[in-house]
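The values are calculated or read from the model by the stated rules, or taken from the named source; none is laboratory data. Predicted model, so just to flag it, every value in this text is computed and none were measured. Cβ placement follows ideal geometry from the backbone for every residue including glycine, while neighbour counts extend to all protein chains displayed.
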Amino acid sequence: MSAPNKSYDPVEVEALKPEEIERMRDEALAAFESAADLDALTHAKTAHTGPTSPLSLANREIGALPPQAKAEAGKRVGMARGAVNKALAARLAVLEAERDERVLVEEAVDVTLPYDRTPAGARHPLTTFMERVADVFVAMGYEVAEGPEAEAEWFNFDALNFVPDHPARQMQDTFFVQDADGAKSDESGVVLRTHTSPVQARALLERREPPVYVVCPGRVYRTDELDATHTPVFHQIELLAVDEGLTMADLKGTLDHMVQALFGAGMKTRLRPNYFPFTEPSAEMDMVCYVCRGESVGNPDRPCRTCGSEGWIELGGCGMVNPKVLVACGVDPQKYSGFAFGFGIERMLMFRHNVEDMRDMVEGDVRFTRPFGMEI
Ligand code: DAH
(Lines give C-alpha, C1' and ligand atoms only; values in the text may rest on other atoms or scores of the structure.)
Protein backbone atom coordinates (compact mmCIF):
# COMPACT_ATOMS: atom_id res chain seq x y z
CA MET A 1 0.00 0.00 0.00
CA SER A 2 1.48 3.40 -0.92
CA ALA A 3 1.95 6.14 1.71
CA PRO A 4 -0.43 9.12 1.65
CA ASN A 5 0.58 11.74 -0.86
CA LYS A 6 1.98 14.55 1.33
CA SER A 7 1.95 17.07 -1.47
CA TYR A 8 -1.68 16.44 -2.28
CA ASP A 9 -3.74 19.62 -2.01
CA PRO A 10 -7.28 18.97 -0.83
CA VAL A 11 -8.44 22.24 -2.32
CA GLU A 12 -7.68 20.72 -5.66
CA VAL A 13 -10.24 17.96 -5.03
CA GLU A 14 -13.21 19.79 -6.40
CA ALA A 15 -15.82 17.60 -4.69
CA LEU A 16 -14.44 18.21 -1.23
CA LYS A 17 -14.35 21.98 -1.27
CA PRO A 18 -16.41 23.41 1.61
CA GLU A 19 -18.73 25.34 -0.67
CA GLU A 20 -19.24 22.22 -2.79
CA ILE A 21 -20.18 20.16 0.26
CA GLU A 22 -22.54 22.93 1.37
CA ARG A 23 -24.09 23.04 -2.05
CA MET A 24 -24.65 19.28 -2.05
CA ARG A 25 -26.20 19.47 1.42
CA ASP A 26 -28.44 22.38 0.48
CA GLU A 27 -29.56 20.70 -2.70
CA ALA A 28 -30.48 17.62 -0.72
CA LEU A 29 -32.38 19.66 1.87
CA ALA A 30 -34.22 21.53 -0.86
CA ALA A 31 -35.09 18.29 -2.66
CA PHE A 32 -36.53 16.79 0.52
CA GLU A 33 -38.44 19.92 1.32
CA SER A 34 -40.01 20.03 -2.13
CA ALA A 35 -40.89 16.31 -2.18
CA ALA A 36 -44.67 16.46 -2.20
CA ASP A 37 -45.34 12.85 -1.30
CA LEU A 38 -43.63 9.68 -0.10
CA ASP A 39 -42.81 8.50 -3.62
CA ALA A 40 -41.07 11.77 -4.45
CA LEU A 41 -39.22 11.58 -1.15
CA THR A 42 -38.01 8.06 -1.97
CA HIS A 43 -36.57 9.37 -5.23
CA ALA A 44 -34.92 12.31 -3.51
CA LYS A 45 -33.53 9.96 -0.89
CA THR A 46 -31.86 7.77 -3.52
CA ALA A 47 -30.55 10.80 -5.38
CA HIS A 48 -29.06 12.47 -2.30
CA THR A 49 -28.10 9.67 0.07
CA GLY A 50 -27.76 6.65 -2.25
CA PRO A 51 -24.38 5.14 -3.16
CA THR A 52 -24.03 7.33 -6.27
CA SER A 53 -25.24 10.56 -4.65
CA PRO A 54 -22.77 13.49 -4.69
CA LEU A 55 -22.20 13.27 -0.94
CA SER A 56 -21.50 9.53 -1.05
CA LEU A 57 -19.07 10.02 -3.90
CA ALA A 58 -17.41 12.89 -2.01
CA ASN A 59 -17.16 10.65 1.02
CA ARG A 60 -15.29 8.13 -1.06
CA GLU A 61 -12.72 10.72 -2.09
CA ILE A 62 -11.73 11.35 1.53
CA GLY A 63 -9.64 8.22 1.80
CA ALA A 64 -7.16 9.53 -0.75
CA LEU A 65 -6.38 12.75 1.21
CA PRO A 66 -3.34 13.34 3.44
CA PRO A 67 -4.09 12.93 7.20
CA GLN A 68 -4.78 16.55 8.13
CA ALA A 69 -6.93 17.25 5.11
CA LYS A 70 -8.65 13.89 5.62
CA ALA A 71 -9.81 14.86 9.13
CA GLU A 72 -11.16 18.21 8.00
CA ALA A 73 -12.89 16.89 4.92
CA GLY A 74 -14.26 13.92 6.90
CA LYS A 75 -15.76 16.25 9.47
CA ARG A 76 -17.28 18.46 6.79
CA VAL A 77 -18.75 15.61 4.81
CA GLY A 78 -19.89 13.83 7.97
CA MET A 79 -21.73 16.90 9.22
CA ALA A 80 -23.32 17.46 5.85
CA ARG A 81 -24.50 13.85 5.68
CA GLY A 82 -25.78 14.07 9.25
CA ALA A 83 -27.81 17.17 8.37
CA VAL A 84 -29.13 15.48 5.23
CA ASN A 85 -30.23 12.36 7.12
CA LYS A 86 -31.89 14.41 9.80
CA ALA A 87 -33.78 16.48 7.23
CA LEU A 88 -34.80 13.28 5.46
CA ALA A 89 -36.15 11.73 8.64
CA ALA A 90 -38.04 14.90 9.51
CA ARG A 91 -39.62 15.15 6.06
CA LEU A 92 -40.47 11.44 6.12
CA ALA A 93 -42.27 11.86 9.43
CA VAL A 94 -44.25 14.81 8.07
CA LEU A 95 -45.24 13.01 4.84
CA GLU A 96 -46.17 9.80 6.65
CA ALA A 97 -48.36 11.69 9.06
CA GLU A 98 -50.05 13.44 6.13
CA ARG A 99 -50.59 10.11 4.39
CA ASP A 100 -52.05 8.50 7.50
CA GLU A 101 -54.43 11.35 7.96
CA ARG A 102 -55.49 11.26 4.32
CA VAL A 103 -55.98 7.48 4.32
CA LEU A 104 -58.19 7.73 7.38
CA VAL A 105 -60.43 10.14 5.51
CA GLU A 106 -60.26 8.57 2.03
CA GLU A 107 -60.63 4.98 3.12
CA ALA A 108 -63.19 5.51 5.83
CA VAL A 109 -66.04 3.01 5.60
CA ASP A 110 -69.46 4.07 6.67
CA VAL A 111 -70.75 0.87 8.16
CA THR A 112 -74.15 2.44 8.64
CA LEU A 113 -74.78 2.87 4.89
CA PRO A 114 -77.56 0.61 3.62
CA TYR A 115 -76.31 -2.24 1.43
CA ASP A 116 -78.67 -4.34 -0.63
CA ARG A 117 -76.32 -7.00 -1.92
CA THR A 118 -75.39 -8.91 1.21
CA PRO A 119 -74.84 -12.48 -0.03
CA ALA A 120 -77.34 -14.74 1.64
CA GLY A 121 -75.80 -17.52 3.69
CA ALA A 122 -77.49 -20.82 4.34
CA ARG A 123 -77.79 -23.14 7.27
CA HIS A 124 -75.89 -26.36 6.86
CA PRO A 125 -78.05 -29.18 5.45
CA LEU A 126 -76.82 -31.47 8.23
CA THR A 127 -78.37 -29.12 10.77
CA THR A 128 -81.60 -28.58 8.91
CA PHE A 129 -82.01 -32.24 8.09
CA MET A 130 -81.31 -33.30 11.67
CA GLU A 131 -83.92 -30.83 12.86
CA ARG A 132 -86.38 -32.14 10.33
CA VAL A 133 -85.94 -35.68 11.61
CA ALA A 134 -86.33 -34.49 15.20
CA ASP A 135 -89.49 -32.59 14.20
CA VAL A 136 -91.08 -35.81 12.93
CA PHE A 137 -90.86 -37.15 16.48
CA VAL A 138 -91.68 -33.89 18.24
CA ALA A 139 -94.92 -33.99 16.28
CA MET A 140 -95.61 -37.39 17.88
CA GLY A 141 -95.01 -36.05 21.38
CA TYR A 142 -91.34 -36.89 21.81
CA GLU A 143 -89.04 -34.47 23.64
CA VAL A 144 -85.65 -33.42 22.32
CA ALA A 145 -82.91 -34.48 24.75
CA GLU A 146 -79.28 -33.52 24.55
CA GLY A 147 -76.15 -34.67 26.31
CA PRO A 148 -72.52 -33.56 26.49
CA GLU A 149 -70.08 -34.35 23.67
CA ALA A 150 -67.28 -34.90 26.20
CA GLU A 151 -69.04 -37.76 27.95
CA ALA A 152 -68.36 -39.96 30.93
CA GLU A 153 -67.10 -43.35 29.84
CA TRP A 154 -69.76 -44.79 32.12
CA PHE A 155 -72.60 -43.28 30.06
CA ASN A 156 -70.96 -43.95 26.71
CA PHE A 157 -70.18 -47.61 27.47
CA ASP A 158 -70.91 -49.06 30.95
CA ALA A 159 -74.51 -47.96 31.29
CA LEU A 160 -75.12 -49.39 27.83
CA ASN A 161 -73.85 -52.83 28.76
CA PHE A 162 -70.54 -52.70 26.90
CA VAL A 163 -68.30 -55.20 28.70
CA PRO A 164 -64.97 -53.79 29.94
CA ASP A 165 -62.94 -55.33 27.10
CA HIS A 166 -65.42 -54.53 24.31
CA PRO A 167 -63.44 -53.60 21.19
CA ALA A 168 -65.31 -50.31 20.77
CA ARG A 169 -63.60 -49.08 23.94
CA GLN A 170 -60.16 -49.31 22.34
CA MET A 171 -58.04 -46.23 21.74
CA GLN A 172 -58.16 -46.87 18.00
CA ASP A 173 -61.91 -46.28 17.90
CA THR A 174 -62.49 -43.82 20.70
CA PHE A 175 -61.06 -40.41 21.51
CA PHE A 176 -60.18 -40.43 25.19
CA VAL A 177 -59.97 -37.05 26.91
CA GLN A 178 -56.84 -36.46 28.93
CA ASP A 179 -57.01 -35.48 32.60
CA ALA A 180 -55.80 -31.99 33.51
CA ASP A 181 -53.24 -33.63 35.81
CA GLY A 182 -51.77 -35.51 32.83
CA ALA A 183 -52.89 -39.01 33.80
CA LYS A 184 -52.94 -41.47 30.93
CA SER A 185 -55.78 -40.38 28.68
CA ASP A 186 -57.56 -43.74 28.65
CA GLU A 187 -57.77 -43.62 32.44
CA SER A 188 -59.49 -40.25 32.73
CA GLY A 189 -62.97 -41.77 32.50
CA VAL A 190 -63.95 -39.15 29.90
CA VAL A 191 -64.35 -39.78 26.16
CA LEU A 192 -65.70 -37.86 23.20
CA ARG A 193 -68.98 -39.71 22.83
CA THR A 194 -68.83 -42.30 20.08
CA HIS A 195 -72.59 -42.35 19.58
CA THR A 196 -75.73 -40.58 20.79
CA SER A 197 -76.85 -43.66 22.75
CA PRO A 198 -75.48 -42.34 26.10
CA VAL A 199 -78.25 -39.73 25.95
CA GLN A 200 -80.67 -42.67 26.40
CA ALA A 201 -79.16 -43.41 29.79
CA ARG A 202 -79.08 -39.73 30.74
CA ALA A 203 -82.73 -39.29 29.75
CA LEU A 204 -83.81 -42.28 31.82
CA LEU A 205 -81.84 -41.13 34.87
CA GLU A 206 -83.01 -37.53 34.57
CA ARG A 207 -86.68 -38.34 34.17
CA ARG A 208 -86.66 -41.20 36.69
CA GLU A 209 -90.13 -42.58 36.01
CA PRO A 210 -91.25 -43.62 32.53
CA PRO A 211 -93.01 -42.95 30.25
CA VAL A 212 -89.92 -41.56 28.51
CA TYR A 213 -90.11 -40.55 24.85
CA VAL A 214 -87.03 -38.72 23.67
CA VAL A 215 -85.23 -37.96 20.43
CA CYS A 216 -81.53 -37.12 20.75
CA PRO A 217 -79.75 -35.46 17.83
CA GLY A 218 -76.09 -34.64 18.16
CA ARG A 219 -72.46 -34.72 17.17
CA VAL A 220 -70.36 -37.82 17.78
CA TYR A 221 -66.68 -38.69 17.37
CA ARG A 222 -64.62 -41.67 16.23
CA THR A 223 -60.94 -41.97 15.39
CA ASP A 224 -61.52 -42.26 11.63
CA GLU A 225 -59.50 -40.40 9.02
CA LEU A 226 -61.45 -37.95 6.89
CA ASP A 227 -62.11 -39.45 3.45
CA ALA A 228 -64.97 -39.81 0.99
CA THR A 229 -66.95 -42.10 3.29
CA HIS A 230 -65.61 -41.37 6.80
CA THR A 231 -65.27 -38.37 9.03
CA PRO A 232 -64.00 -38.30 12.62
CA VAL A 233 -66.83 -35.96 13.61
CA PHE A 234 -70.32 -36.79 12.45
CA HIS A 235 -73.95 -36.66 13.53
CA GLN A 236 -76.43 -39.20 14.74
CA ILE A 237 -80.01 -39.11 15.82
CA GLU A 238 -81.21 -41.45 18.50
CA LEU A 239 -84.68 -42.41 19.59
CA LEU A 240 -85.75 -43.88 22.91
CA ALA A 241 -89.21 -44.87 24.05
CA VAL A 242 -89.75 -46.53 27.43
CA ASP A 243 -93.26 -47.20 28.63
CA GLU A 244 -95.51 -50.01 29.78
CA GLY A 245 -96.18 -52.66 27.17
CA LEU A 246 -93.99 -51.44 24.31
CA THR A 247 -93.08 -54.14 21.80
CA MET A 248 -91.11 -54.55 18.62
CA ALA A 249 -94.28 -53.85 16.69
CA ASP A 250 -94.22 -50.32 18.13
CA LEU A 251 -90.62 -49.97 17.00
CA LYS A 252 -91.46 -51.15 13.50
CA GLY A 253 -94.49 -48.84 13.24
CA THR A 254 -92.42 -45.89 14.43
CA LEU A 255 -89.69 -46.61 11.87
CA ASP A 256 -92.22 -46.89 9.06
CA HIS A 257 -93.80 -43.63 10.08
CA MET A 258 -90.42 -41.92 10.11
CA VAL A 259 -89.37 -43.02 6.62
CA GLN A 260 -92.77 -42.05 5.24
CA ALA A 261 -92.49 -38.62 6.83
CA LEU A 262 -88.98 -38.13 5.45
CA PHE A 263 -89.10 -39.90 2.10
CA GLY A 264 -92.75 -39.97 1.11
CA ALA A 265 -95.85 -42.13 1.22
CA GLY A 266 -95.51 -45.87 0.68
CA MET A 267 -92.01 -46.14 2.17
CA LYS A 268 -91.40 -49.04 4.52
CA THR A 269 -88.63 -50.60 6.56
CA ARG A 270 -87.35 -54.08 7.28
CA LEU A 271 -85.34 -55.43 10.20
CA ARG A 272 -82.41 -57.84 10.05
CA PRO A 273 -81.01 -59.54 13.16
CA ASN A 274 -77.88 -57.94 14.58
CA TYR A 275 -76.14 -57.42 17.90
CA PHE A 276 -75.80 -54.31 20.06
CA PRO A 277 -74.99 -54.59 23.77
CA PHE A 278 -77.73 -52.15 24.76
CA THR A 279 -80.63 -53.70 22.86
CA GLU A 280 -82.02 -57.22 23.00
CA PRO A 281 -83.11 -58.33 20.49
CA SER A 282 -81.17 -56.02 18.18
CA ALA A 283 -81.64 -55.38 14.50
CA GLU A 284 -80.22 -53.55 11.55
CA MET A 285 -82.90 -51.44 9.89
CA ASP A 286 -83.20 -50.95 6.15
CA MET A 287 -85.64 -48.82 4.22
CA VAL A 288 -86.97 -49.45 0.74
CA CYS A 289 -84.88 -47.60 -1.80
CA TYR A 290 -86.76 -44.36 -2.30
CA VAL A 291 -85.47 -44.02 -5.87
CA CYS A 292 -86.33 -47.39 -7.47
CA ARG A 293 -88.69 -48.58 -4.71
CA GLY A 294 -87.26 -52.05 -5.17
CA GLU A 295 -87.97 -52.26 -8.87
CA SER A 296 -84.29 -52.54 -9.79
CA VAL A 297 -83.96 -55.88 -8.02
CA GLY A 298 -83.42 -58.64 -10.59
CA ASN A 299 -84.16 -56.13 -13.33
CA PRO A 300 -80.97 -55.42 -15.33
CA ASP A 301 -82.86 -52.97 -17.56
CA ARG A 302 -83.46 -50.68 -14.61
CA PRO A 303 -80.29 -50.54 -12.54
CA CYS A 304 -80.38 -48.23 -9.49
CA ARG A 305 -77.30 -46.32 -8.41
CA THR A 306 -78.75 -45.28 -5.06
CA CYS A 307 -79.22 -48.79 -3.66
CA GLY A 308 -76.86 -50.65 -6.02
CA SER A 309 -79.98 -52.52 -7.27
CA GLU A 310 -80.40 -54.06 -3.81
CA GLY A 311 -83.83 -52.49 -3.37
CA TRP A 312 -83.00 -51.60 0.22
CA ILE A 313 -80.86 -48.96 1.91
CA GLU A 314 -79.26 -49.57 5.28
CA LEU A 315 -80.24 -46.92 7.81
CA GLY A 316 -78.84 -47.85 11.22
CA GLY A 317 -79.32 -49.95 14.33
CA CYS A 318 -82.31 -50.55 16.55
CA GLY A 319 -83.84 -52.92 19.03
CA MET A 320 -85.67 -53.42 22.31
CA VAL A 321 -83.83 -51.72 25.19
CA ASN A 322 -81.79 -54.35 27.03
CA PRO A 323 -83.26 -54.87 30.54
CA LYS A 324 -79.71 -54.46 31.87
CA VAL A 325 -79.71 -50.87 30.60
CA LEU A 326 -83.07 -50.24 32.26
CA VAL A 327 -81.69 -51.61 35.55
CA ALA A 328 -78.50 -49.51 35.28
CA CYS A 329 -80.74 -46.47 34.88
CA GLY A 330 -83.06 -47.32 37.77
CA VAL A 331 -86.04 -48.45 35.67
CA ASP A 332 -87.95 -51.60 36.61
CA PRO A 333 -87.74 -53.99 33.62
CA GLN A 334 -90.64 -56.03 35.00
CA LYS A 335 -92.93 -53.09 34.57
CA TYR A 336 -91.45 -51.24 31.62
CA SER A 337 -90.02 -52.06 28.23
CA GLY A 338 -88.60 -49.84 25.56
CA PHE A 339 -87.32 -49.56 22.04
CA ALA A 340 -84.51 -47.51 20.60
CA PHE A 341 -82.84 -46.74 17.34
CA GLY A 342 -80.01 -44.62 16.06
CA PHE A 343 -78.58 -43.71 12.69
CA GLY A 344 -76.06 -41.45 11.05
CA ILE A 345 -77.25 -38.18 9.56
CA GLU A 346 -74.35 -37.80 7.10
CA ARG A 347 -75.07 -41.16 5.51
CA MET A 348 -78.74 -40.39 5.18
CA LEU A 349 -78.03 -36.98 3.68
CA MET A 350 -75.61 -38.63 1.24
CA PHE A 351 -78.07 -40.99 -0.30
CA ARG A 352 -81.03 -38.60 0.01
CA HIS A 353 -79.20 -35.93 -1.99
CA ASN A 354 -76.65 -37.97 -3.93
CA VAL A 355 -73.71 -36.42 -2.10
CA GLU A 356 -70.80 -38.55 -3.20
CA ASP A 357 -68.00 -37.26 -1.01
CA MET A 358 -68.39 -36.78 2.73
CA ARG A 359 -65.64 -34.16 2.73
CA ASP A 360 -68.02 -31.79 0.93
CA MET A 361 -70.14 -31.79 4.08
CA VAL A 362 -67.39 -30.71 6.43
CA GLU A 363 -65.44 -28.19 4.38
CA GLY A 364 -67.92 -25.40 5.01
CA ASP A 365 -68.02 -24.15 1.42
CA VAL A 366 -71.21 -22.18 0.99
CA ARG A 367 -71.46 -23.38 -2.64
CA PHE A 368 -72.25 -26.83 -1.24
CA THR A 369 -74.78 -25.50 1.23
CA ARG A 370 -76.71 -23.06 -0.97
CA PRO A 371 -78.52 -25.55 -3.22
CA PHE A 372 -80.17 -26.99 -0.13
CA GLY A 373 -82.02 -23.73 0.27
CA MET A 374 -82.26 -21.01 2.84
CA GLU A 375 -84.29 -23.03 5.31
CA ILE A 376 -84.27 -21.44 8.78
N1 DAH B 1 -75.29 -46.47 18.80
C2 DAH B 1 -75.21 -47.36 17.66
C3 DAH B 1 -74.02 -46.97 16.80
O4 DAH B 1 -73.55 -45.89 16.89
C5 DAH B 1 -76.45 -47.28 16.83
C6 DAH B 1 -77.65 -47.85 17.54
C7 DAH B 1 -77.94 -49.17 17.44
C8 DAH B 1 -78.47 -47.02 18.29
C9 DAH B 1 -79.02 -49.73 18.10
C10 DAH B 1 -79.59 -47.57 18.94
C11 DAH B 1 -79.85 -48.91 18.82
O12 DAH B 1 -80.41 -46.82 19.67
O13 DAH B 1 -80.95 -49.42 19.45
O14 DAH B 1 -73.57 -47.77 16.04
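Just give me the residues in the range 28-57 being under 21 Å from Val103 (Cβ atoms) and not in a helix (DSSP H, G or I), in sequence order. Within the range 28-57, Ala35, Ala36, Asp37 qualify. Set side by side, the residues Arg219, Arg193 differ, and just one is within 10 Å of the ligand (Cβ to nearest atom), touching a residue at least 24 places away in the same chain (Cβ under 8 Å) and among the basic types (Lys, Arg), which is Arg193.
Being within 24 Å of Tyr275 (Cβ to Cβ), small (Gly, Ala, Ser) and within 16 Å of the ligand (Cβ to nearest atom), is that true of even one residue in the range 121-135? No - not one qualifying residue is present in the range 121-135.
Somewhere in the range 105-128, is a residue more than 25 Å from Val321 (Cβ to Cβ), among the aromatic types (Phe, Trp, Tyr), exposed (fewer than 14 other Cβ atoms within 10 Å of the Cβ) and modelled with pLDDT under 95? Yes, the range 105-128 contains a residue that is more than 25 Å from Val321 (Cβ to Cβ), among the aromatic types (Phe, Trp, Tyr), exposed (fewer than 14 other Cβ atoms within 10 Å of the Cβ) and modelled with pLDDT under 95.
Residues that are under 23 Å from the mean Cα position of the chain (by Cα) and of a type in the set (Ser, Thr, Tyr) occur in the range 152-175; there is at least one.
Could you tell me whether Ala73 is modelled with pLDDT of 95 or more, surrounded by 10 or more Cβ atoms within 10 Å (Cβ to Cβ) and in the same structural domain as Glu22 (by TED's automatic domain parsing)? The answer is no for Ala73. For the range 101-121, check the following and say yes or no: at least one residue is assigned to a loop (DSSP other than H, G, I, E, B) and in contact with a helix residue (DSSP H, G or I) (Cβ under 7 Å, 6 or more places away or on another chain). Looking for residues that are assigned to a loop (DSSP other than H, G, I, E, B) and in contact with a helix residue (DSSP H, G or I) (Cβ under 7 Å, 6 or more places away or on another chain), one finds at least one in the range 101-121, hence yes.
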